[in-house]
Structure formats: structure tokens, C-alpha cells
1. Restricting to the protein assembly as shown, what percent of DSSP beta bridges are antiparallel, rounded to 5?
2. Determine the sum of side-chain charges near B:V297: Lys and Arg each +1, Asp and Glu each -1, restricted to other residues whose C-beta is under 13 angstrom from that of B:V297.
3. For the protein assembly as shown, with only Lys/Arg (+1) and Asp/Glu (-1) charged at the beta-carbon, what is the dipole magnitude about the Cα centre, in debye rounded to 20?
4. Under the classification rounded if a/c is under 1.5, otherwise prolate if a/b is larger than b/c and oblate if not, where does region B:245-375 fall, given a ≥ b ≥ c as square roots of the Cα gyration tensor eigenvalues?
5. Find out how many positive minus negative residues lie around B:V80, taking Lys and Arg as positive, Asp and Glu as negative, among other residues whose Cβ is under 14 Å from that of B:V80.
6. Against the longest principal axis of chain B, how steep is helix B:360-369, in degrees 0 to 90 to the nearest 10, with axes from Cα atoms?
7. Rounded to the nearest 0.05, what FRET efficiency do A:R151 and A:R266 give with R0 = 25 Å and r taken as the Cβ-Cβ distance? Could you check?
8. Can you list the aspartates and glutamates whose alpha carbon sits under 17 Å from that of A:K220, skipping same-chain ones fewer than 8 residues off?
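The values are calculated or read from the model by the stated rules, or taken from the named source; none is laboratory data. As the structure is a computational prediction, the values presented were derived from the model and not from experiment. We place every Cβ from the backbone using ideal geometry, glycine too, and count neighbours over all the protein chains shown. Accessible surface areas use protein heavy atoms only, side chains included; no ligands, DNA or RNA. Shrake-Rupley method; radii C 1.70, N 1.55, O 1.52, S 1.80 Å.
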Amino acid sequence: MALPDPLIAPLVPAWWPVRSVRRELADTVTLEIEPPPGGLVFEPGQFTMLSAFGIGEIPISISGDPGAPHALVQTIRSVGPVSSALTALRPGDRIGVRGPFGNGWPLEDARGADVLVVAGGIGLAPLRPVLYTILTDRDAYGRVSLLYGARSPSGLLYLDEIRGWMAGLDIDVLLTVDRGEPGWHGSVGVVTDLIRRASFEPAGTTAFVCGPEIMMRFTKQALESAGVDEERIAVSMERNMACGVGLCGHCQFGPFFVCKDGPVFRCSDMVELCWLKEV
Amino acid sequence: MTQRSATDAAVVFDPATIDLLIAELSDRGYTVLGPRVVSDAIVYGPVTSSSDLPVGIRDRQDAASYRLEDRDDDAVFGYVCGPQGWKRFLHPPETTLFTAAADGDVSFPPPADAPLAFLGVRACELAAIHVQDRVLLEGPVADPVYRSNRDRLFIVAVDCTEPGGTCFCASTGTGPAAGEGFDIAMVELLDATHRFLARAGTDLGAEVLAALPSRPARSDDQEQAGRHVAEARTAMGRSVDLDGVEELLYANAVNPHWEDIARRCLACTNCTMVCPTCFCTTAEDRPSLDLASFDRVRLWDSCFTLDFSYIHGGPVRSSVSARYRQWMTHKLASWHAQFGTGGCVGCGRCITWCPVGIDLTEEVRRFRDTDLRRIAVPVAGPFPVEGGPR
Ligand SMILES: Cc1cc2nc3c(=O)[nH]c(=O)nc-3n(C[C@H](O)[C@H](O)[C@H](O)COP(=O)(O)OP(=O)(O)OC[C@H]3O[C@@H](n4cnc5c(N)ncnc54)[C@H](O)[C@@H]3O)c2cc1C
Ligand code: SF4
Ligand code: SF4
Ligand code: FES
């Protein structure tokens with residue numbers, strides 16, 4: 001292979017083998033990808049640009065354990081041409097990877113006080129590395145709650161793992177669905193309703209929020225009315241991305257580039273943008 | 001690059017010397033690009049002699065209007081600027097970034113052979129190159145294509161003495177005299193004797209100038225050039241007050257005037273295609289027929305398309321008003337936060353080439369007239385939006 005000029009390297013995917021594929025939901029799989037020896041070191045919240053050969057490239061968050069960089073773990077929901085090709089990959093197939101890109105969740109801020117992890121649907125994927133990080137150093141944090149909502153029970157991601165957390169004492173888990181299904185005995189309603197039921201000391205609490213934009217807006221509002229400081233509410237934004245490195249202009253969000261200034265933002269840094277339509 | 005003082009080595013030569021300048025640059029290995037008349041427009045492309053240049057031609061530009069006319073003199077640079085700027089040579093509309101083979105092998109297109117020399121770069125265009133330098137070279141990742149085209153570039157700038165109907169570089173502070181960053185800058189003098197006053201901006205520029213027949217500039221040459229350029233400053237077809245425009249546009253994000261613009265705007269993307277600072281691109285993977293490899297091709301893109309902001313579920317900016325707001329707010333406001341410089345150099349192309357004649361200088365005035373900070377009843381709390389809190 002012609003060695004890429006170091007200048008062009010950030011724009012050229014490396015082709016790594018898929019080690020295993022785990023079906024999570026009807027439309028969602030988790031790929032375990034094999035980076036070269038040394039692994040892919042990343043921070044919780046960062047994403048990669050994944051290429052399906054000859055089809056296209058899309059941004060996908062890393063959903064694995066930052067403490068285990070020899071496996072690159074990414075959870076992908078099939079919604080269109082590229083994501084459906086990626087979710088159809090089999091072990092041994094090659095996938096194009098660039099990254100990791102973007103900033104991470106402000107985990108440093110969270111130490112020493114209560115933590116709320118609020119996720120909607122596939123939004124749990126970029127937050128799972130946060131939970132892994134907290135669990136490896138559990139005593140550094142106060143009460144930790146995962147508030148997770150999905151459209152229906154069959155849309156809840158990582159249920160086996162969640163059941164494990166529910167059985168333990170490290171994380172309080174509260175689940176909800178927009179609409180129940182036979183066999184669902186849990187709560188029905190939007191994820192913001194869970195905030196009232198979670199136990200946390202608002203002063204000093206850090207909240208990490210990821211889900212559909214509308215869900216994040218209402219979560220921010222509910223957290224603020226519960227007394228959480230705007231500066232301590234972090235959200236992960238989504239915009240179309242064609243480069244991941246600040247060159248293509250697609251991911252602009254007001255004065256920000258989601259790929260290089262985000263994807264994680266503190267709500268206090270984007271007050272004017274939060275409620276503005278079509279930014 | 002060492003920038004020299006503007007008057008350093010100022011010389012005067014006659015119009016025939018332009019041919020020698022082109023020859024000197026070609027001899028040094030440059031592909032010389034300059035203005036030519038193509039399909040009734042000034043288009044920048046390869047030039048080999050002054051017979052390629054638009055001698056005796058002027059352009060008349062106004063909102064949604066562009067015409068070439070004969071001049072009654074032999075001015076070489078007697079037009080304002082071409083519809084398509086120099087951007088297409090530094091940041092090409094279509095580039096193959098790499099070819100990937102199914103076995104994991106990656107190859108790259110051969111690098112461009114000859115370095116480029118631009119002949120006839122206007123002050124606003126030079127400023128636009130500096131804006132794109134900021135955007136494409138000074139971020140966390142530099143653009144490799146732009147870098148290789150830009151690094152070896154030779155720039156011959158020409159100060160403006162006859163600005164056009166849609167020009168407003170005096171308002172953006174980017175003209176009419178070429179600022180920093182040229183190798184050679186010239187003023188075309190059409191008084192009694194047709195001649196060029198030239199100054200070097202770099203050592204290389206001085207070396208090229210020294211190879212041409214010329215005489216040292218006299219004070220009357222300098223005085224005439226200075227007067228014409230100063231007059232140009234007051235003869236701009238458009239002007240705009242950009243003082244506080246960032247705050248103005250941010251504060252007017254929900255001004256109903258955006259809807260008024262949207263009723264006129266066709267979302268045709270012309271303004272972004274002709275703008276010398278617009279840099280957005282998209283990527284397209286083009287597989288070979290046997291699927292053994294694919295090319296990743298980078299193409300200019302525009303914030304006026306629906307695809308541009310498409311994420312699963314639909315475009316973020318579905319309305320034309322949101323797309324125009326994105327474009328104008330980016331150019332005049334958020335560009336400052338992102339790159340420490342404005343995104344508009346006052347070239348007027350977006351006004352000339354808008355099929356319905358939307359004029360951003362006029363729209364800025366309308367926002368000042370309808371500024372929500374002055375005339376609206378203050379709304380408590382966040383902006384009212386769909387799905388937002390009451
Ligand atoms: C920072 C970030 C992290 C993400 N993390 C995940 C994740 O962990 N799991 C997951 O399933 N999804 C994630 N997404 C969303 C995912 O990128 C989109 O679902 C995906 O791009 C859809 O592409 P598609 O071609 O399959 O579908 P379509 O929606 O049909 O897209 C058509 C075309 O539009 C473009 N496009 C659509 N949405 C996006 C987008 N968001 N960004 C760039 N281009 C887009 C693509 O170029 C695509 O070819 C993330 C998005 C961002 C910005
Ligand atoms: S916004 Fe219009 S006037 Fe300003 S640089 Fe772009 S094309 Fe020229
Ligand atoms: S402002 Fe004019 S040129 Fe730009 S997209 Fe709208 S109609 Fe086209
Ligand atoms: S994704 Fe290209 S600039 Fe952010």
C-alpha cells in the first residue's frame with residue numbers, strides 16, 4: 001500500500017477486520033472491530049467515521065470500554081444506506097475506520113458528586129463508555145443513576161448488561177418506555193418523568209444527556225427545574241458530517257463545529273441555540 | 001515568505017511587458033492562470049500570452065445582471081472580477097481523495113505537476129484566499145489538497161481603480177488595494193500613457209520583476225496610482241455597515257424578515273458556488289463496476305440544499321429561511337467566532353449571480369430597520385420555537 005502522505009492521513013480510513021457482531025435489536029447491532037496492536041485509545045463520547053466499502057462513510061460513537069482499547073466497539077442502528085451496509089457486516093469483513101474524533105464527556109467535573117446519565121434510544125451507545133469509566137473507579141463518584149427511555153421495551157439497548165447493573169448496587173437504574181408491550185411491567189412515559197424519581201443532590205450533580213434533540217431539550221429543562229446547574233448538563237449533539245475533522249462545514253451548529261468543538265457541549269455554552277429551530 | 005514593504009522595488013512597465021511576465025512565469029515552471037473571455041464572461045483559466053487576456057473589455061455588474069462591453073481603451077484588467085473566483089484552482093469543485101481496493105490497498109491520485117501562478121488577483125480575491133487559508137489550513141487538520149495547491153502558488157495581484165456595481169470591499173476592509181500576501185501587485189494606469197506600476201511583495205516577486213524590462217517608478221506614477229485607488233474606494237456600487245453585525249444577526253435569529261427573504265430565495269445555491277470564501281464539501285464514494293475498488297470523491301456542497309443538513313429523520317434546516325439564515329449568519333457573524341475573521345470580502349458575486357437579485361448589503365439594512373432589540377416587545381425567556389416551552 002502506498003503510504004499516505006501524513007497530510008492526507010486523517011482523511012483516509014484504515015481497513016480493519018470485524019471480530020464479532022452482536023445483534024442488539026431488530027435494527028441495531030454492535031460491532032467489535034479489531035484495531036492494530038496497541039488498540040484505539042479513545043475518550044468516552046468520542047466518535048469515529050466508519051466506511052462501508054464503496055457505499056459511504058458515517059459518524060458513529062464508540063460504545064465500548066475505554067479501558068479495553070484493543071477492541072473497538074460501536075453500536076449501529078440501520079436507518080439508511082450506509083448504516084444498513086454496516087449492520088450487515090459479518091465477522092472477518094473489513095470496515096473503514098477514521099478517528100477517534102471530537103471531545104469527550106466532562107467526566108472530571110463529575111467526580112466527587114452525584115451523576116445522572118440520561119439516555120434516549122440509541123443515545124445510550126455514546127454513554128455506555130461513561131458508565132464503564134465510572135464503574136472502574138466507582139468510589140470517586142457519589143450516587144450514579146442511569147435514566148433510560150426507549151419507544152418500546154423492544155427498543156431498549158444492552159438489556160442484559162442493564163439487568164446486571166440493576167442487580168448490583170453501583171448504579172441506580174430507572175427505565176421507561178413511551179408505549180408498553182405485553183410482559184412490560186416497568187414504567188410508561190417520557191424519560192424526563194424519571195428525573196423526579198431519581199435520587200440525587202442537585203447542587204454539584206453532573207448530568208450526561210444523549211438522545212433525540214427534542215428529548216435533550218426537555219431533559220435540560222427538567223434538570224434545570226430540579227436544580228441542576230446548566231453548566232453541569234452536558235449533551236451530545238448530532239449533525240450531518242462528511243469529514244469529522246473540521247473541513248467540510250456540514251456539522252455546523254451556530255458558531256460551533258460539532259465534529260471538532262463537540263459532539264459534547266455544556267448547555268451553558270449554547271443557551272441561545274437550545275430553543276432555536278433549524279440551527 | 002518574506003513580505004516586503006509596498007513601495008520596495010516599485011517599477012513601471014508598458015502593457016507589452018505583460019507578455020514577458022507570462023513568459024517569465026512559464027519559464028520558471030508555473031502554469032499561468034489569468035482572465036479570458038469564455039461564453040460572454042470573464043473566466044480564469046490558462047493563459048499563454050496577452051492575446052488571451054480580455055483587452056479592451058469591461059463587465060457591468062448589478063443585482064442579477066452581468067454583461068461584457070467593449071471599452072474605449074486597451075485596458076488589460078479593465079473588468080471587475082469573474083463569476084468564478086480562484087477558489088476552484090486551490091480548493092477544486094471535484095477531487096479524488098483516494099482509491100481504496102477491496103484488499104485494503106489505498107492509492108492516491110498523482111500530485112499536480114506544475115505549480116500555479118494567478119495573474120490578475122483582485123484585492124478582495126486575495127483577501128478571500130487568506131480567509132480560506134484560515135479555514136482550510138489553520139484548523140486541527142489541514143486540508144491536504146488545498147495545502148499542496150496553495151504552497152507553491154505565485155500571486156500577481158491587480159489593485160482596483162474601477163470598482164463594479166456590486167462591489168463593497170471598502171466596507172469589508174479588504175480592498176480596493178491588494179493587502180498582504182501577493183508576490184507582485186500592479187496598478188494599471190490608463191492616463192496619458194498606458195502603463196503598469198508594479199511592486200514586489202516577496203523576494204521571489206522581486207526576482208521576477210527584476211527579470212522584466214522596466215524603469216524605476218517616479219513620484220508622479222505613485223501619485224496617479226494612489227489617486228485612482230483612493231477614488232475607487234468611494235466609487236463602490238454597494239456599501240454595508242458591518243459595525244455590530246454579529247450581535248445584530250444573532251439577536252435577530254427569529255426576525256420575520258428571514259421569511260421575507262425566503263419568499264424570494266430559490267435555494268439555487270448560486271451564491272455559495274460563486275462565493276470565494278464558501279468552503280463546504282461533501283464526499284461521494286464511487287465504486288468501480290466490478291466493485292473491486294472505489295474512489296472517494298470530494299465535491300463542493302452548499303448549505304442551501306436539503307441534503308446538506310440531513311440527519312436520520314429529515315433535514316435539520318428544512319425551511320429556506322433557515323438555510324438563508326445559516327448562510328448569511330455564517331458569512332457575517334459566526335465566521336468570526338470560528339476563524340477569527342469575517343467570511344465576506346465584499347466581492348459582490350453573490351449579488352450579481354443571484355437569479356432573483358437578493359443583495360446581502362440590502363438585507364443587512366433591513367435587519368437594522370427591523371432590529372428586534374429595538375422594536376419587539378421583549379419576550380421573557382428562551383425564543384419561542386416549535387416544541388419549545390411555553
Ligand atoms: C457524533 C455522532 C455520533 C453518532 N453515533 C451514532 C451511533 O453510535 N449509532 C448510530 O446508529 N448512529 C449514530 N449517529 C447517527 C448516524 O451517523 C446516522 O444514523 C447515519 O449517518 C445515517 O446514515 P445512513 O446512510 O445509514 O442513512 P440515511 O439517513 O439514509 O443517510 C443518507 C445520507 O445522509 C448522510 N447522513 C445522514 N445522517 C447523517 C449524520 N448524522 N451524519 C452524517 N451524515 C449523515 C449520510 O452521508 C448518508 O449517506 C451518530 C451521529 C453523529 C453526528
Ligand atoms: S458573501 Fe457575497 S460578497 Fe461576500 S465574499 Fe461571498 S460572494 Fe463575495
Ligand atoms: S440567495 Fe439567490 S443565489 Fe443564493 S440560493 Fe437564494 S436565490 Fe440562489
Ligand atoms: S464533519 Fe466536516 S466540518 Fe465537522
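1. Values: 73 of 105 bridges.
Of all bridge pairs located within the protein assembly as shown, approximately 70 percent are antiparallel.
2. Numbers: positive: B:R286, B:R296, B:R298; negative: A:E57, B:E94, B:E284, B:D285, B:D295, B:D301.
The answer is -3.
3. For this selection, approximately 1360 debye.
4. Note, shape of region B:245-375 comes out prolate.
5. So the surrounding residues net to 0.
6. For B:360-369 against chain B, the angle is about 50 degrees.
7. The formula returns an efficiency of 0.35 here.
8. A:D114, A:D193, A:E201, A:D229, A:E230, A:E231, A:E238, A:D269, A:E272, B:E386
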